[in-house]
1. If you split all Cα-Cα distances of the range 214-270 into 5 Å bins from zero, what percentages do you get per bin, shortest first?
2. Please list, by residue number, every one of the chymotrypsin sites (Phe, Trp or Tyr not before Pro) in the range 576-642 that is coil in DSSP and has at most 16 other beta-carbon atoms within 10 Å.
3. Starting from the Kirkwood radius over alpha-carbon pairs of the range 556-675, derive D by Stokes-Einstein at 10 °C in a medium of 1.306 mPa s and give it in µm² s⁻¹.
4. Report Rg/Rh for the range 253-302, rounded to two decimals, where Rg is the Cα radius of gyration and Rh the Kirkwood radius.
5. Whole-Å semi-axes of the range 477-618's equivalent ellipsoid, largest first, each the root of 5 times a Cα gyration tensor eigenvalue?
6. How big, on average over all directions, is the shadow cast by the Cα convex hull of the range 528-578, in nm²?
Amino acid sequence: MEVPTLFIGLIMYLGLTRLNSALVSISSEKDLKERAAPEVSTGATSVKCQLQGVTRPPAFSMDGDYIIGGVFSIHYYMHTVKHNYTSLPEPLSLDSRELRFSRAMVFAIEEINNSTELLPGIKLGYQIHDSCASVPVAVHVAFQLANGLDQVFNTSEKCSQSGMAMAIIGESGSTPSISMSRVISSFAIPQVSHFATCECLSDKLQYPNFFRTIPSDQFQADALAKMVKHFGWTWIGAVRSDSDYGNNGMASFLDAARKEGICVEYSESFYRTNPRSKIQRVADVIRRSTAVVVVAFVASGDLRILLEELSLKPSPPRQWIGSESWVTDPDMLRFSFCAGAIGFGIQQSVIPVAASPMLTEFWEDTFNCKLGKSEKVSLTYHHISDTVLFLPYTDTSQLRVTNMVYKAAYAIAHAIHDTVCRNTNTTAQCDKFSRIESQEVLNQLKKVDFIQNGYHVSFDVNGDPVAIYELVNWQRSQSGSIELVTVGHYNASLPVGKEFHINKDLTWVEGGTQVPVSMCTDSCPPGTRKVLQKGKPICCYDCIPCPEGEISNATDSSDCLPCPREFWPNSERNTCFPKPVEFLSFNEVLGIVLAAFSVGGACLAITIAAVFLRHRKTPIVRANNSELSFLLLFSLTLCFLCSLAFIGVPSEWSCMLRHTAFGITFVLCISCVLGKTIVVLMAFRATLPGSNVMKWFGPPQQRMTVVFFTFIQVLICTIWLILSPPFPMKNLNIYKERVILECALGSAIGFWAVLGYIGLLAIFCFVLAVLARKLPDNFNEAKLITFSMLIFCAVWITFIPAYVSSPGKFTVAVEIFAILASSFGLILCIFAPKCFIILFKPEKNTKKHLMNKYQS
């Protein structure tokens, strides 16, 4: 905050007066109006100067060789009212915590004065002022500390400087500390704050004289954001003091929270002097919000007013997250609806604080009584008139910020010691008449590095200490009261990811033991992904199931990841499992049925062969070229059995065998049928007078015909196997959710050449059978061969589109079905009628019967 306009003239006037060491002397109101010139004597006589304005008496003071100033907000405004100028405004309220800070400074200085090692022979004095939590008052007392309290003094070099502060401890708030620093930095007076945490004060260009024993809010803001993220809260509310402390601290927190993916439902600011309507509006926002967690970067005095407003009309349960300013303030523990609050506090310490007889107001405020002028107060920190007081002032079990005051006093004392006693050894007395400037103390303060009461004290280049916090939790004791419990630590000097440590159980809002949930939208479970809701923060989203083939295995995943090619999601789509492998197996119903028909067909062919072998001398067997019949039955047996090679897990050998065996055995089968058909045709042509055609179609020629046609197919298969043989493969394209094990053709040309050659022979055989269909039934198989070839061709013509369109293992099933159907067509059409006659109509299996039928 900038210094108010009212004080600009005062700053310039008093600043120039101090720098020139000459103040205007005024003896009366008349002299004030006439602006009389300073009274200056000649020779060795010094210039006499007189302070302007009305001085504010210090709350506590003691004279000494060197003065240390102190500024604390011992009083604060409890309520804000609209004054009507007909009655006196409400009195200021006493802040017992700030009172304890001031008394800790007194104790530290008295302890230093009694020390034989630090500033031996020198007595430190102090002037402690009450700023009343007001920036104008803080600026006023800063000028007083820069000039001293003596109304008239001279500038002689031999003059004592005991009335001017060498350094100042304070203020508790960031805004008054900023205003004070801008005033006293012109005079190079060092300022050490115990509680001003605004990050802005680390800027040494603007505040070159500012130091602090409490860490900057930047560290606390980062720690709070990490803590909120640690507990899984992504939807929070935020309130802050409308001051440099609150605005800068909250800005740092929101920036850190945004990086952690945390969203803020609302961010409200207020100040203790705001009208009550403003405080009520902030309270109503908290009540109406959906965020369970409220992060409060608020000064203790400000939050006290807000919580009192909330206590009038309780809000739904809220999990409060506090900054150091209020979360460790014992006076705030009376707000029981904030039980479960957590936040970061300065490390605890133990300081043996002494008693003080100068606390009349504290006595009157505590016991609601008035003391007479002659009455004196005797106060210890534990008992007053045998009555135990549970107040922030008397509670020495939670000395956190109080220790920062203690350390600040010792830091200044060490700086003065290094300035005054630098030319003497440690056992000698320091020169208390040595004239030092505040600039020298400022320079030495930058170098201090010591351990006091077990705590290390030093400043970095920005005037900040090492950031170490305790994580504190408001927990109910067995008696029902709320107490501060340290449940963890945070050390900013540790490596990233290791700064935060919790070592005790926490109690949450309403005494719960489970971490409360505070989200705009419930977490998206694994198997879904987040889709942002239009016009809302990134923490408000819908949960959409992952698309087919993709998974998400983390909560609140923003994207789904595809499974590897051979993997497929489970039904929940949160894990990839290997795709089930599919092939035509002997263990499934379809495989068993096809295998049974295959073996049954082979057995049928063997049975027929046995019947023909047993009746090989009968006319019906001999009349139909028994040699080709047996070869045909053998080839049909191989056709039935080769279908078994298509069932089971594909391998390199099975893939090469199934197609080549099928192609060769079928050509062998059709070659035999073709040979039989040619023989029938030639046999009837040979009965014509003068024909000798049968000499070219005897048994040797028949065998050569079969071998020739079969050799061509063997040659095609050999070339196919050499150039690009079939091979086993995993087909991942037909089905997305499973793997098909099948045999790749290798060369499609080779496969269709094998099928094409079989089809060519089948058509040729069919044509010849059609030509011989009108020959006598008794001596030829033309009609039977015609029907068998008709079935054969029909099966393989329908096979082609079915083979191309059938997916996965059904492709193999179609191929097996075509083999079995065509094989059964041949064996039933050609051999079934003959077997029926041989077995059931033996009277027809005679040459006479056959000849008579032919003649008829």
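Computed from the coordinates by the stated procedures, all read-outs in this text should not be read as laboratory data. Everything numeric here is computed off the predicted structure, so don't read it as measured data. Neighbour counts are summed over all protein chains in view; Cβ atoms, including those assigned to glycine, are modelled from backbone coordinates with ideal geometry.
1. 4, 21, 31, 26, 14, 4, 0
2. Counting only loop positions with at most 16 other Cβ atoms within 10 Å, the chymotrypsin sites (Phe, Trp or Tyr not before Pro) in the range 576-642 are PHE586.
3. 88 µm²/s
4. Rounded to two decimals, Rg over Rh is 1.00.
5. 71, 20, 16
6. Mean projected area for the range 528-578: 3.4 nm², to one decimal.
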